[in-house]
Amino acid sequence: MIAVNEPLLDGNEKKYLIECIESGWISSEGPFVKEFEEKFAARVGRKHGVAVCNGTAALDAAVEALGIGVGDEVIMPSFTIISCVQQIVRSGAIPVLVDSHPVTWNMDITQIEAKITRRTKAIMVVHIYGLPVDIDPVLEVARQYGIKVIEDAAQMIGQTYNGKPCGTFGDISTFSFYPNKHITTGEGGMIVTNDDHLAGICRDLRNLCFQPTKRFVHEGLGWNLRLTNLQAALGLAQLERLDEFVARKRRMGERYNELLAGVEGLQLPQDRVGYAENIYWVYGLVLADNVGFSAEEAMRRLAAEGVGCRPFFCPMHQQPVLKRRGLFAGESYPVAERMYRQGFYVPSGLAISEVQIADVSNAVKRILQ
Ligand SMILES: *Cc1c(COP(=O)(O)O)cnc(C)c1O
């Protein structure tokens, strides 16, 4: 079976982990956490980095830090991961959705302005699958209406938009270091911002709102979202190789593009747009309408060929848990719906070999014949 994702851990990971164990620093108090925060923030070009235990937690803290709560509205894409919506809904705020662009698979930015109301507090921008959102026009709208921007850059580590690093565009931007991201800490995440106040709130939220002077007296409710020194050790070793990893992912995507070019019934990822070149977080495929079967059936057939695949995201307006709460009644986002029905991704981890890419491509061609 060719795994859908396999990370590369053959740099300084082992060396730094051994340092943790030999020094006894394994908790979040260890020195690698701060070093990872500083180096990651510097790499992204931001003043503050706040390391947390995963990318979902980073989004939760970002939403809470911006004071989003009861009755506030947050504009976001329907086509994304559930992590984006959870804290919005839990806080009593209302997610307001936009559809996706059928070629870039990112949120359709032309739909944003019409969704703005007096209650709109933030726009959550989520860069999808390797190409960034065309974010300048979004920032312009946000500025015009006095709305905050949360940027979910989990799939965009090492990517740029018009030459500027992704993760520099939100009032708060977030990352994930799950093993299928461009760098991994096993589980982990990061919040970055230039805002001293927001960074302080995120640090408090991460650490149960413990106070420096009166430790067990709490003025706020936080969470325990701390990243461990062991995880930060992995992160430092991975960060050293980020440029190499991004180049590797691009080579993978280009190879798939060559091997699958012209195959009837398949939409391939867009390799570049004016503001960025794809970094192929995953290599996604969307079946044409005339193929005669869905992504689910394609994944079944590929599994039988020894190829591990995953479905595209299920849109937020189709999530049972959100519909049961009375959200999105009667709403339809046809591009997102079609991407979910007909989209899936093939093995695209950092450790994938040329031979595996060729094997996967041949299997894809076979199941379409
Ligand atoms: C992976 C991912 C997350 C969640 O990160 P975890 O570390 O798995 O919690 C959030 N948003 C996007 C866009 C992601 O790809």
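The values are calculated or read from the model by the stated rules, or taken from the named source; none is laboratory data. Remember, it's a predicted structure, so these values are computed and weren't measured experimentally. SASA here: full protein model, heavy atoms, side chains in, ligands and nucleic acids out. Shrake-Rupley method; radii C 1.70, N 1.55, O 1.52, S 1.80 Å.
Some notes on this structure:
- For the stretch 13-239, the fraction of C-alpha pairs farther apart than 22 angstrom is 49 percent.
- Residues of the chain: accessible area per residue with a 1.4 Å probe, Å²: 43 Å²
- Rounded to 5, percent antiparallel among DSSP beta bridges of the chain: 60 percent
- Counting only DSSP beta bridges with both residues in the stretch 1-140, the antiparallel share comes to about 20 percent.
- Top of 221, 131, 350 by mean-square fluctuation, Gaussian network on the chain, Cα under 10 Å: 221
- Entries in 47/121; 47/181; 34/249; 47/249; 164/249 that, when Cα-Cα distance is taken, lie over 26 Å: 34/249; 47/249
- Shown for the stretch 242-368 is the translational diffusion coefficient from the Stokes-Einstein equation, using the Kirkwood radius over Cα pairs, a temperature of 4 °C and a viscosity of 1.567 mPa s: 82 µm²/s.
- Shown in residue order for the stretch 198-206 are the 3J(HN,Hα) couplings computed by the Karplus curve 6.51 cos²θ - 1.76 cosθ + 1.60 at θ = phi - 60°: 4, 4, x, 4, 4, 5, 5, 4, 5 Hz (x for Gly and Pro).
- Kirkwood Rh, Cα atoms: Rg over Rh of the stretch 63-126: 0.96
- What separates the Cα centres of the stretch 300-353 and the stretch 197-264 is a distance of 23 Å.
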